[in-house]
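These notes are about the structure you will find just below.
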Amino acid sequence: MNNSVGNAGRSAAAGLRALLVLTLLCGVLYPLAVTGVAQAAFPHQANGSEIKDTSGRVVGSALIGQRYDLPLRDGEETPAPDLRWFQPRPSRGLGTNTVNTRYALILSGATNRSGDNAELIRWVTEAKAAVVTDNSTATYRVRPSEVPADAVTSSGSGLDPHISPAYARLQVHRVAERNHLSVAAVEKLVADHTEARLLGFVGEPRVNVLKLNIALKGMVAAGG
């Protein structure tokens, strides 16, 4: 019996030592090492890929989209887009983010609607009509055939911070008119903020909407 108790005690002590050693290695030393390497080699990414405006204030992340809406009016359930700014992809959120109230998402996820789903078809149809109406000006008319897919559909995550160059260019005339800028100047702004494919062949050309709007704000402040 004494041998059994002694063996059990030794086993428990060995298990406790293993728990303490593994907790130290996996719960303390490994996270510290990974954090140290990340901070040394990739500080921007490790700290959330933060984007700052021209005043140095952090206004968002390069990895998470934002909306640019007008304040809610009485009786409105959904805010209207602020058409002075380039608009992102539609976001069909799964909740409300109380930290970032300008982007109504708390969870990442898709709509989970099939291509022939009646609700999805209605969303896309309404979004397409809104894109045509919002981006047409007195001197420029958007044709429905010119509306790219990313202008009327949310991304798989619902968090995509990018739009296609085609959707950015489609918005140029409206943005120029609303901000009293020349179309050529805004077109150049879009071209300057169009990111190429990664390594020349991965993904598609894209435009980060937050970075583009920060540059637009600076252009407006400078008088074009």
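Key figures for this structure:
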read-out: Cα-based helix-to-principal-axis angle, 30-41 vs the chain, degrees rounded to 10; value: 40
read-out: Karplus-derived HN-Hα couplings along the stretch 193-202 (A = 6.51, B = -1.76, C = 1.60, θ = phi - 60°), whole Hz, x at Gly and Pro; value: 10, 8, 8, 7, 4, 5, 6, x, 9, 8
read-out: Choice from Glu195, Glu204, Glu187 showing the highest fluctuation, given a GNM over the chain with Cα pairs closer than 10 Å; value: Glu204
read-out: Theoretical FRET efficiency, 1/(1+(r/R0)^6), r = Cβ-Cβ of Leu24 and Ala46, R0 25 Å, to 0.05; value: 0.65
read-out: Quotient of Cα Rg and 2.2 N^0.38 Å for the chain, N being how many residues it contains; value: 1.45
read-out: Ranked list, fewest to most other Cβ atoms within 10 Å of each Cβ, for Tyr68, Tyr167; value: Tyr68, Tyr167
read-out: Positive-end residue, the stretch 52-221 charge dipole about Cα centroid, Cβ charges, pick of Val147, Thr78, Val58; value: Val58
read-out: Added length on full extension, which subtracts the Cα-Cα distance from 0.36 nm per residue, Ala222 to Leu198; value: 5.4 nm
read-out: Globularity ratio of the stretch 128-224, using Cα Rg and 2.2 N^0.38 Å; value: 1.10
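Laboratory data are not the source of any read-out in this text; all were calculated from the coordinates shown. Please read all numbers here as calculations on a predicted model, not as lab measurements. All Cβ positions, glycine included, derive from the backbone under ideal geometry; neighbour counts span all protein chains shown.
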